[in-house]
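As structure tokens, the structure follows; a few thoughts come after it.
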Amino acid sequence: MADLIDTVAVVTGAARGQGRSHAVALAAEGADIIAIDRCADIDSIPYPLATKDDLDETVRLVEAQGRRIVPVVADVRDLDAVAAGVRSGVDALGEIDIVVANAGVVAIGRKDPLDTEVYRDIVETNLNGVWHTIVATVPSIIRKGRGGSIILTSSAQGLVGKGGDGSAAMFAYAAAKHGVVGLMRSAANAYAQNNIRVNTVHPSGVGTPMILNDHTLKTFQENPNGAALSANLLPVPFVDAQDVTNAVVFLAGPKARYITGVALPVDAGHAVM
């Protein structure tokens, strides 16, 4: 039996990769989806980001589950755009129950220690974008009055510093992903009185276009000793998007009704010290 019948979920970074996987799985459990994605590249990020065609495919896959979906083209770095997109989704689908703040970028292979542009873009997307998502959605959950679940995508890099190379890109990524844990813990305290649970998931490298692209794979090939980012204890180079999705769906649903403030690794042992 589907656990999320007649709920509404917001998923950022929903056009492909983990975000699409989460959106489709939540729909399979009965949720309608507000799917947010930038659908455009960022100059400092050295691989192609999702497109409007990718978001259209997420729409098709969610509708194939028999659920409704509102696609929103918005950059999570822009609070006003996120808030407007959330309002449009709520107008169409009703108030929100579940939030998955998944949108994120990385710039493996950008080695400049003084690259302020890439530092800013990563932090603004991976940390500020998560905060924007929280503050744009929580009022709707509170209005609905039956509690909810917020899941923030951090990273194994939000728990450890493996892969640090002194570059602005990796400093930004680790700092932002650690910062997401701080947002989670603060929000878990702030919203507990409204029966809103807040948790983080921490994947190691995931086999999505964020990693499986020409730039990143070339970087790994040229510097195999630097592949600490994918140094998992279990004998797999990457986890699958579905592995992270399984954790997200669990945290979203009633089986996790008393789980809040938890940083959950889905990392094949990457963060084990």
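Ratio of Rg to Rh for region 27-136: 1.01 [Cα atoms; Kirkwood radius as inverse mean 1/r over pairs]. Computed from backbone phi, the HN-Hα couplings of region 176-192 come to 5, 6, 5, x, 4, 5, x, 4, 4, 5, 5, 5, 4, 6, 5, 10, 4 Hz, rounded to whole numbers (Karplus: 6.51 cos²θ - 1.76 cosθ + 1.60, θ = phi - 60°; Gly and Pro given as x).
If the chain linking residue 233 and residue 84 were pulled fully straight, counting 0.36 nm for each residue of separation and taking away their Cα-Cα distance, it would gain 49.4 nm. Each residue in 178, 22, 202 was given a count of other beta-carbon atoms within 10 angstrom of its own, and listing them fewest first yields 178, 202, 22.
At a threshold of 8 angstrom on Cα-Cα distance, excluding pairs fewer than six apart, so keeping six or more, what relative contact order does region 1-135 reach in percent? The partial results should precede the final answer.
Numbers: 257 pairs, mean separation 38.5, N = 135.
Computed over region 1-135, the figure is 29 percent.
Amide H to amide H distances under 5 Å link residue 42 with 49, where only residues 5 or more positions off or on other chains count and H is placed in the peptide plane.
Using Cα pairs under 8 angstrom and six or more residues apart, how large is the relative contact order of region 145-273, in percent? The partial results should precede the final answer.
On the way: 199 pairs, mean separation 44.5, N = 129.
Taking the mean separation of contacting Cα pairs over the length of region 145-273, I get 35 percent.
Wrap a convex hull around the Cα atoms of the chain, take a quarter of its surface area, and give that in square nanometres.
Values: hull surface 53.0 nm².
For the Cα atoms of the chain, the hull's average projected area reads 13.2 nm².
With +1 assigned to the C-beta of every Lys and Arg and -1 to the C-beta of every Asp and Glu, and no other charges, what is the dipole magnitude of the chain about the Cα centre in debye, to the nearest 20? Numbers along the way, then the final one.
Values: 22 positive and 29 negative charges, 171 e Å.
Roughly 820 debye for the chain.
Can you list the lysines whose alpha carbon sits under 24 Å from that of residue 255, skipping same-chain ones fewer than 8 residues off? In chain and number order, the partners are 144.
Among 60, 185, 87, 20, the order by Cβ neighbours within 10 angstrom, fewest to most, reads 60, 87, 185, 20. Across all Cα atoms of region 80-144, the radius of gyration (one decimal) and Dmax (whole number) stand at 15.2, 47 Å.
From the Cα gyration tensor of region 11-51, with a ≥ b ≥ c the square roots of its eigenvalues, which class applies: rounded if a/c is under 1.5, or else prolate if a/b is larger than b/c, or else oblate? Since a/c reaches 1.5 and a/b is larger than b/c, the shape of region 11-51 is classed as prolate. Here's how it looks for residue 72: its modeled amide H is under 5 Å from those of 35, 36, 37, which are all 5 or more places away or on a different chain. Each peptide in 151-160, 71-80, 249-258 receives the mean, over its residues, of other Cβ atoms within 10 Å, and ordering these scores from highest gives 151-160, 71-80, 249-258. Per residue, the average separation of C-alpha pairs within less than 8 Å and at least 6 apart gives the chain a relative contact order of 19 percent.
The numbers here are math on the coordinates, done by the rules we state, and not lab data. From a predicted model like this one, the values you see are computed outputs, not experimental measurements. All Cβ positions, glycine included, derive from the backbone under ideal geometry; neighbour counts span all protein chains shown.
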